[in-house]
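Report on the following structure.
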Amino acid sequence: MTLLKKRILFNLIKHHIQLTKKIFRHYAIKRVPLERILSLTQRVGTNQFDVYTGSLNISQIIEDLKWENVLYHHPYLLLFRCRDHSVWLSQGIWKNQKLYHHIFPARKNIAEALSENGYLEPLRIHSNKYKTLLIAYWLYLNQSEHNDYLYYIERAREILGLSKINHQHSKVMDDFIRYFI
């Protein structure tokens, strides 16, 4: 039996790359306008964060929140491991006088320290890079006229009002592009 039955907060766009890609593919088929996609990307905020790269869906992640999977607990905080060895945090948050459980991937150093048998490493990324990749992916899905993904990254940065990509940015982006191709 799972520890949490209701009142779950999970920012899918920010924390689950595979499901986000699935949503974007669906939106591309439905011809959802760029303005709607841009509003979705605003949900990722302005800081660095961790993104789950595995294949479990949200129900499976929540289902794996059982006492036997808990690695650490403290009032309003649980760290737990899922069946794919990903490590997650469940942080209690009071909202509208009710306790909600905000679930998100644990940082690499936390996952590494608490996992004896290995772990699925989350993707640590800054919000502007992630927004760039999301918009570039959406542009690619809707246009597909260029084989060079950097073309779509440049276009996405222009749409987001970010500076042009330089050599240093390009090397960093190369590490993350593999999740979108």
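The values are calculated or read from the model by the stated rules, or taken from the named source; none is laboratory data. As the structure is a prediction and not an experimental result, all values here were calculated from the model. Glycine gets a Cβ as well: all are built from the backbone with ideal geometry, and neighbour counts include every protein chain shown. With ligands, DNA and RNA removed, areas are computed over all heavy atoms of the protein, side chains included. Shrake-Rupley method; radii C 1.70, N 1.55, O 1.52, S 1.80 Å.
The trypsin sites (Lys or Arg not before Pro) of segment 14-81 that DSSP puts in a loop, and whose beta carbon has at most 10 other beta carbons within 10 Å, are LYS30, ARG31.
Between helix 167-177 and the chain there is an angle of about 60 degrees, using the helix long axis and the longest principal axis of the Cα atoms.
In the structure displayed, which of LYS30/LYS131; LYS30/LYS164; LYS66/LYS98; LYS30/LYS66; LYS98/LYS131; LYS66/LYS129 lie more than 28 Å apart, Cα to Cα? Among LYS30/LYS131; LYS30/LYS164; LYS66/LYS98; LYS30/LYS66; LYS98/LYS131; LYS66/LYS129, the Cα-Cα distance tops 28 Å for LYS30/LYS164; LYS30/LYS66; LYS98/LYS131; LYS66/LYS129. The fraction of accessible area contributed by carbon and sulfur in segment 79-171 is 46 percent, rounded to a whole number (1.4 Å probe; ligands and nucleic acids excluded).
On full extension of the chain, what length is gained from GLU121 through TYR179, given 0.36 nm per residue of separation minus the C-alpha to C-alpha distance? The GLU121-TYR179 span can extend by a further 19.6 nm. Here the spin labels are modelled as points 7 Å beyond Cα on the Cα-Cβ line, and at ALA113 and ASP148 they lie 4.4 nm apart. The mean accessible area for residues of segment 43-110, using a 1.4 Å probe and ignoring ligands and nucleic acids, is 56 Å² per residue. Between HIS26 and ASP84, the FRET efficiency from the beta-carbon distance, with R0 = 25 Å, is close to 0.60.
Residues in segment 147-157 carry Karplus couplings, in order, of 8, 8, 4, 5, 4, 5, 5, 4, 5, 5, 5 Hz; the curve used is 6.51 cos²θ - 1.76 cosθ + 1.60 with θ = phi - 60°, and Gly or Pro positions show x. GNM remark for the chain: springs join alpha carbons under 10 Å apart, and the peak mean-square fluctuation among GLU154, GLU121, GLU68 falls on GLU68. Annotation for segment 60-95: chymotrypsin sites (Phe, Trp or Tyr not before Pro) lying in DSSP loop with at most 15 further Cβ atoms inside 10 Å of their Cβ are TYR76. Once both axes come from the Cα atoms, what is the angle between helix 17-29 and the longest principal axis of the chain, in degrees from 0 to 90, rounded to 10? On a 0 to 90 degree scale, this one is about 40.
Segment 7-34 and segment 113-156 have Cα centres separated by 13 Å.
Placing +1 on each Lys and Arg Cβ and -1 on each Asp and Glu Cβ, with no other charges, gives the chain a dipole about its Cα centre of roughly 700 debye.
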